[in-house]
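Right, one structure below, let's go through it.
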Amino acid sequence: MAGMTKTKRRARRAYRKERLVLLAFTVPALALYISFFIIPALQSLQYSLTNWNGYSATFDWVGLDNFTRALTNDSLFTNAVTNNLKFWLIVLAFQTLFALMLAVFLFRNFKGSALLRGLFFFPTILSSVSVAYIWKFIYDPNYGLGNDILGIFGISSSFLGNDDTAIYWIAITQVWFHAGQMMTIFIAGLQSVPQEMIEAAAVDGAGRWQVFKNVTWPMIAPATSIVMAYTTIQSFKAFDLILGLAGNPPKSSMDIMSTRIYTTFANSQYGYASAQAILFVIVIVALNFAVRRIVGLTQPKTES
Amino acid sequence: MALNNAFTRRRILQLAGVGVAGTTLAACAGPGASNGGDGDGNGNGGDGGNGGEEPGSGSLDPSLAAGAISFAHWRGEDNEAFAKIIEQLKETYPDVEVRQDITPSNDYQSNALAQIRQGTVGDLFASFRGAQLTTMIDADLLVDLTDTGIADKYEASLVSEGLVDGKTLALPYQLVFNQPITNEEILEQAGASELPEDWDSYLSLLDSIQGLGITPIAWPGGEMGNAGQLFNCMIMNLGPSDDMCARIEAGDLKVTDDWFLEMLRHYQELIPYFQQNATGTAVEPAQQMFASGDAAMLATGSYHIASTRALGATFPIGMLAPVTAAAGEAKYVGVHNATFALGVSSVSENPDTAFALLDFLSDPAIAGQYGDDTAQFVTVKDVEYTNEDLSHTSDWVQKETLLAPRFQFNNLDIRNAAEGACIEVVGGKSPEQAAEDAQQIIDQQIGN
Amino acid sequence: MGFKIGRAGILFVYAIIIIVPITVVMLGSFKSMGELFDSPFGLPESWNAQNYLDIIVHHDMGQAFINSAIVTLSSVTLTLLIASCAAYGIARLKGWLSWLIFGFLVLGMAIPPQANMIPQYVQFDRLGLLNSLTGLILIMVVTGLPVATFILGGFMKTLPNEMFEAASVDGVGPVRSYISIAMPLSLPSIAATSIFLFVIQWNELLYPLMFIQSPDKQTIPLRLLNFQGEFLTNYPLLFTGVAIASIPITIIYILLQRYFVEGMTAGAVKG
């Protein structure tokens, strides 16, 4: 008996030691992340309660005034949030749709599939600055390709010059930019769906759409949630693309949350900009939870 | 983490004073579009001393020039012109080495300024006119040059911004006219023997240009920074006083006032004379339109004459600002601005050499050479230009022009609201609505 | 049959949508400004490589290229090393602690860089790491950790635990398991993560803009900004820069593509 306990105790000690070593594996990442990412973030949190202008030696604590101001008395901020939500909805819908569609078409190998996958991924490789330049050129109302194409249908647009639609034109650019990247995630998800399940469903007489709806879609739930989370974060961080396309500072029709925060910083309202940044994080986290919930409802979990 | 414990509040603030310049990054859309975000001058906290001392007096002696200095500016396109001048400087002072630290204008506010404060670059440095120069002066970063008498080499009326309380702190160097440039061939064809100096004859000139099948005005309405140059001219004769923009920012005047609405209605009248879909046009296509002769005017400024030439234009180029007044009532016929002001850094370890370079640049022959090479005017007195475009338009230096009013705004959001209203009117919004929306933003900004 | 035709049609249209802008860039890099505006689609009047020479020699793109290569290669390698360790620890720890660490690290993806930049700038200034490639590498590693942990953690969690337990019974400690079991099995997902990191870090603009002052330390995206002159943006030159900048990352993509897709298949998707 005594021997048993001893063995057990030794095993437990070994287990505990092992867990400590495993914990140690996370230490370098945690140490770097806390020192250079979390601590700076906490400092911003602190500034958000002040009226610090960003350079003078003094400031006042203003409590939650900055937050009240952003939420109730700043039409520029409200405008940026609205624009950002429009932008996000369009990008999320179309980018996910295109990425999924392309992935469905390309996940099996056929002649040219590798080439097309590479081609569709290519825009991702370019920097936001380059993409912005390319599309600024396309959207020019007088020389750009955009109106050449619309001209075929006998119409023309001022593109980014139209305050009602400018943000959607930028959304199109964003989808062009990143749909290929998201496609690769879907391809990976689709390739992991066991072929037998699809065949079995087809044998049962299910059509292509039904197979997709009942078998494939639930099976690719993890890929979908990665794509949606990533897309959401990207549409809120599409900062250099906007500055590149819309100029700096952007017109209010193209101002999104990240560019607004940036302009507020630049405008010597450091404390206020920090408060805006905190609202930014809250919005992203909340939207991610919401999206996860909604997608989860259409995709009953098939695996743990 | 231990690192952070070492911070005291005061220290964090001092350091952040340096740091914050970084956030302003590309905040300034163009020359003079600078704003905010400037530290207290001894931001790196390591040297302790300079904050308390008065920056150097007039003990500068260019004849002592020797050793290496840094010349910080954002004028990438002037690189070669300055390099040539530096070579010439070396003929007089063989022991001098000058390194140009050039940061693109959009990043100058963020990157270079932090370094200038720390003394790592910019023994001689450029500042944007307006808020940036003011902050540099407030931060005691500029050596008082009064005793050197260097200001006497400049046109007094053009360098006033650098002269504060009777002290010479910085010298606005490059002079631009922020008003439309014109294709004189087209204007002549349109029968403009004389430049219109009132609104009605201006509009009838635009009509005759349009009659030729040519777009009268190419206006980069797609970008706030460039679109706003026209605002300078449109407002110059309408404001109740010359500091109208500062007063809008102070809440003393409103963009819903009649005079501002009148300006917005003038914008409305210009709509048919801009290129199609003008609110979506970036500056480069607008330049191309002008350079290729598809448009008679380019509504930016004299600084685009050289780049228009680079695009292959061969026609004679003049300037013409829209005058919004009735005949005989115009106060101003145009707008001028100094894009950058040069000053010697008070944290420089080699101010004598920095001053020697500034002194050299202030020589009429050298300044003229710089003007010719860059195709831009300078504020130095008695300069003769051999560049044809400059000599052709140099009569503007003597004309009645207003110092560009848009740079009176220190709050970027307020400036954008006021200028944005003009763009929105061109986009189809009613002047009243645009003004009201803009005033709401301005009120919110003033309230905080 | 209908599906195949529909598929071919859609793929064709999408391919055009991707190709056309890229073609304009590639052709544009051989044109003059006027030519570019007059006929964006047309072939250049002459195929001279003046712009390419100009960029490499005159605008010192060579140095920027070297800087970008140093920074990207180092930061991708370090990020992968550190993140794979963390992912391994997280995957094997299981339980609430594992979830807490994972969630905490991944939260970093939602924090806007603008919110952190000033305090970070202050820190790096204090450490003397501003205007240095070392500082840039450090900050890139820190900002790359959340996304790398997100993908790698997802993968490593799917590695069968029995494998590690068996190894443990045989007296193989966690460190050796990491080297001889987890790493080799994770190679595909590491390839996948590395292409993600390459794309992000090769193109990173905000931090270099903030941290780098000297021209000789500028990276490629920073250099490209220079073509946006104060008074004139030189599109042809800029497009040339874009073309040059995309070459290395294209090569890396081609090299890693096979692993990349496999890695995503095996890993993140089951996570």
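The values are calculated or read from the model by the stated rules, or taken from the named source; none is laboratory data. Keep in mind that this is a model prediction, so the values were computed, not measured. Virtual Cβ from ideal backbone geometry, glycine too; neighbours counted across all protein chains shown.
Within segment C:100-123, being modelled with pLDDT under 90 and more than 7 Å from every other protein chain (Cβ to nearest Cβ) holds for C:Gly103, C:Val106, C:Leu107, C:Pro113.
Total residues in segment A:41-62 satisfying the condition of being more than 10 Å from chain C (Cβ to nearest Cβ) and in contact (Cβ under 8 Å) with a residue 60 or more places away in the chain: the figure is 8. For segment C:79-87, the criterion of being closer than 30 Å to C:Met163 by Cβ, small (Gly, Ala, Ser) and more than 28 Å from the chain's Cα centre (by Cα) is met by no residue. For the subset of segment B:257-283 comprising residues that are free of Cβ contacts under 8 Å to residues at least 24 places away in the same chain and within 21 Å of B:Asn232 (Cβ to Cβ), which member is surrounded by the fewest Cβ atoms within 10 Å (Cβ to Cβ)? Ranking the qualifying residues of segment B:257-283, first place goes to B:Asp258. Scanning segment C:100-124 for residues that are surrounded by fewer than 24 Cβ atoms within 10 Å (Cβ to Cβ), part of a helix (DSSP H, G or I) and not hydrophobic (A, V, I, L, M, F, W, C) gives C:Gly103, C:Gly108, C:Pro113.
A residue that is in contact with a helix residue (DSSP H, G or I) (Cβ under 9 Å, 6 or more places away or on another chain), among the hydroxyl-bearing types (Ser, Thr, Tyr) and within 9 Å of chain C (Cβ to nearest Cβ) occurs somewhere in segment A:29-40.
Would you pick out the residues in segment A:135-158 that are within 30 Å of the chain's Cα centre (by Cα) and polar (S, T, N, Q)? Scanning segment A:135-158 gives A:Asn147, A:Ser157, A:Ser158.
Taking the criterion of being surrounded by 18 or more Cβ atoms within 10 Å (Cβ to Cβ) and either farther than 30 Å from A:Leu71 by Cα or aliphatic (A, V, I, L, M) (or both), the residues of segment A:40-56 that qualify are A:Ala41, A:Leu49. Here the condition is being among the aromatic types (Phe, Trp, Tyr), more than 11 Å from chain A (Cβ to nearest Cβ) and closer than 30 Å to C:Leu238 by Cβ; of C:Phe30, C:Phe41, C:Phe37, it holds for C:Phe30 alone. Filter segment B:232-246 down to the residues that are over 19 Å from the mean Cα position of the chain (by Cα) and surrounded by 16 or more Cβ atoms within 10 Å (Cβ to Cβ) and list them by number. Passing the criteria: B:Asn237, B:Leu238, B:Gly239. Within segment A:91-118, the residues that satisfy the criterion of being out of contact with any Lys or Arg (no Cβ under 6 Å at 6 or more places or on another chain), in contact (Cβ under 8 Å) with a residue 60 or more places away in the chain and closer than 27 Å to C:Ala8 by Cβ are A:Val91, A:Phe94, A:Gln95, A:Thr96, A:Phe98, A:Ala99, A:Leu100, A:Leu102, A:Ala103, A:Val104, A:Phe107, A:Arg117. Of the residues in segment B:302-320, at least one is under 23 Å from A:Asn248 (Cα atoms) and either among the small types (Gly, Ala, Ser) or part of a loop (DSSP other than H, G, I, E, B) (or both). Among the helices (runs of 4 or more DSSP H) confined to segment C:1-67, the ones with at least 2 residues that are under 25 Å from the mean Cα position of the chain (by Cα) are located at C:2-28.
Among the residues here, A:Asn79 does not qualify as assigned to a loop (DSSP other than H, G, I, E, B), assigned by TED's automatic domain parsing to the domain that holds A:Gln234 and under 30 Å from the mean Cα position of the chain (by Cα).
A:Ala223 meets the conditions (1) away from chain B (no Cβ under 14 Å); (2) touching a Ser or Thr at 6+ places or on another chain (Cβ under 7 Å); (3) buried (at least 24 other Cβ atoms within 10 Å of the Cβ); (4) at pLDDT below 85 in every case but one. The failed one is (2).
Picking from residues in segment B:286-304 that are out of contact with any Ser or Thr (no Cβ under 8 Å at 6 or more places or on another chain) and in contact (Cβ under 8 Å) with a residue 40 or more places away in the chain, the one that is surrounded by the fewest Cβ atoms within 10 Å (Cβ to Cβ) is B:Gly293. The condition of being more than 14 Å from chain A (Cβ to nearest Cβ), touching a Pro at 6+ places or on another chain (Cβ under 6 Å) and either in a loop (DSSP other than H, G, I, E, B) or more than 22 Å from B:Leu133 (Cα to Cα) (or both) holds for only one of B:Asp359, B:Asp382, B:Asp372, B:Asp389, that being B:Asp382. In this entry, C:Leu222 passes the filter for residues that are more than 8 Å from chain A (Cβ to nearest Cβ) and under 30 Å from C:Phe37 (Cβ atoms).
Quick check on C:Pro208: is it in contact with a Leu (Cβ under 8 Å, 6 or more places away or on another chain) and either outside the structural domain of C:Cys85 (by TED's automatic domain parsing) or more than 30 Å from B:Thr308 (Cα to Cα) (or both)?
Numbers: in contact with a Leu (Cβ under 8 Å, 6 or more places away or on another chain): yes; either outside the structural domain of C:Cys85 (by TED's automatic domain parsing) or more than 30 Å from B:Thr308 (Cα to Cα) (or both): yes.
Yes.
Count of segment C:72-99 residues, restricted to those that are under 13 Å from C:Gly144 (Cα atoms), surrounded by 15 or more Cβ atoms within 10 Å (Cβ to Cβ) and among the β-branched types (Val, Ile, Thr), is 4.
B:Thr324 falls short on exactly one of the conditions (1) in a strand (DSSP E or B); (2) out of contact with any strand residue (DSSP E or B) (no Cβ under 9 Å at 6 or more places or on another chain), and that condition is (1). Pairs linking a residue in segment B:96-107 that is in the same structural domain as B:Lys84 (by TED's automatic domain parsing) to a residue that is buried (at least 20 other Cβ atoms within 10 Å of the Cβ) and at pLDDT below 65, with Cβ atoms under 6 Å and 6 or more positions apart or on different chains, are B:Thr103/B:Asn111; B:Thr103/B:Ala112; B:Asn106/B:Ala26.
With respect to B:Ala296, determine if the residue is over 28 Å from B:Lys153 (Cβ atoms) and at pLDDT 95 or above. In short, yes. For segment B:301-312, the count of residues that are within 14 Å of chain A (Cβ to nearest Cβ) and modelled with pLDDT under 95 is nonzero. Residues that are of a type in the set (Ser, Thr, Tyr) and either over 17 Å from the mean Cα position of the chain (by Cα) or outside the structural domain of A:Phe94 (by TED's automatic domain parsing) (or both) within segment A:218-265 comprise A:Ser252, A:Ser253, A:Tyr262, A:Thr263, A:Thr264, listed in sequence order.
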